[in-house]
Amino acid sequence: MSDSVSDYGKGIIEVDDIANSPHGGDQKFVLLRILIAEDEESLATLYKVLLSKFGYEVIDVVRSGEEAIARYAKTKPDVVIMDHRLERKSGLDALKEILKIDPKAIVIFASADDSVMEDAIAAGAADYIAKPFSMQELVEVIGRCVA
C-alpha cells in the first residue's frame, strides 16, 4: 500500500499501514505542535490524520495565508507546513510575514509548484518538499528541521 499524499481519495491509503511502518505505531516521538496551511481540504485532512498517527499534534488547519499568519502569532507552533497556493495570501507571502513575527519559525514549504522552491528557501523556509510526497518523506523532513 502507498502512503503518498497524492493517493488520497483513490482508496489505496490505509492508515493502519502507517502504524506498522518503521516510523509509526510504537515509535516514540517528541510531541511537536504543527500548524497546517493547505487550501485543498482533502490533503489537509490527510495531513492531519496521518501526522497525528505519527504522534504529532496538529493544532490547526487553515486555508489562507492570512489565517496562517494569525494562527501562528496566536499559537506559536513548533512547525508550519505551508502550501504555496492559498486563499487571500500566498504561502510565500505568509512565510515572509511569519518570519517577521518569529525569525526562528520552522516553516516547511510543501508545493506541487517547483518554480517557487528557490524563492521559498531564499525567503527563509526551513525546507521544501515537492508534492506528491510520501508521509515517510514528510516525517523525515520534519525530523531534519527540528533536529
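The values are calculated or read from the model by the stated rules, or taken from the named source; none is laboratory data. Since this is a predicted model, take the numbers as computed values, not measurements. Reconstructed Cβ throughout: ideal geometry from the backbone, glycine too, with neighbour counts over all protein chains shown.
So that you can scan it fast, the table gives a plain yes or no per residue for (1) crowded, with 16+ Cβ neighbours inside 10 Å; (2) not in a loop (DSSP other than H, G, I, E, B):
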residue	(1), (2)
LEU31	no, no
ILE34	yes, yes
VAL58	yes, yes
ARG71	yes, yes
LYS74	no, yes
ASP93	yes, yes
ALA110	yes, yes
TYR128	yes, yes
Item checked: Breaking point among (1) within 17 Å of VAL146 (Cβ to Cβ); (2) part of a helix (DSSP H, G or I), for GLU67 -> (1)
Next item on the list: Can you run down the residue pairs with Cβ atoms below 7 Å, 6 or more apart or on separate chains, where the first is in region 39-51 and surrounded by fewer than 17 Cβ atoms within 10 Å (Cβ to Cβ) and the partner is in a helix (DSSP H, G or I)?
Entry: VAL49/VAL15
Notebook entry, point to check: Under the condition of being touching a residue at least 24 places away in the same chain (Cβ under 8 Å) and in contact with a strand residue (DSSP E or B) (Cβ under 6 Å, 6 or more places away or on another chain), which residue from region 114-125 is nearest to VAL58 (Cα to Cα)?
Noted result: ALA125
Notebook entry, point to check: Which ones in region 78-106 are out of contact with any Phe, Trp or Tyr (no Cβ under 9 Å at 6 or more places or on another chain) and of a type in the set (A, V, I, L, M)?
Noted result: LEU86, LEU99, ILE106
Margin query: Just to check your reading of the model, which residue among ILE142, ILE98, ILE81, ILE106 is touching a helix residue (DSSP H, G or I) at 6+ places or on another chain (Cβ under 9 Å), surrounded by fewer than 21 Cβ atoms within 10 Å (Cβ to Cβ) and of a type in the set (Val, Ile, Thr)?
Written below: ILE106
Notebook entry, point to check: Which residue pairs have Cβ atoms closer than 8 Å, lie 6 or more positions apart in sequence or on different chains, and pair a first residue in region 91-102 that is under 10 Å from ALA73 (Cα atoms) with a second residue that is hydroxyl-bearing (Ser, Thr, Tyr)?
Noted result: ILE98/TYR72; ILE101/TYR72; ASP102/TYR72
Notebook entry, point to check: Looking at ALA110, ALA147, which one is small (Gly, Ala, Ser) and closer than 17 Å to GLU38 by Cβ?
Noted result: ALA110
Check: Given the conditions (1) closer than 23 Å to GLY124 by Cβ; (2) modelled with pLDDT under 90; (3) more than 17 Å from the chain's Cα centre (by Cα), and given that LYS74 satisfies all but one, which numbered condition is not satisfied?
Finding: (2)
Margin query: Would you confirm, using the coordinates I've provided, whether ALA120 is touching a His at 6+ places or on another chain (Cβ under 9 Å), closer than 17 Å to ILE36 by Cβ and part of a strand (DSSP E or B)?
Written below: no
Note to self: VAL49 - would you say it is within 13 Å of the chain's Cα centre (by Cα) and at pLDDT below 90?
What the structure shows: no
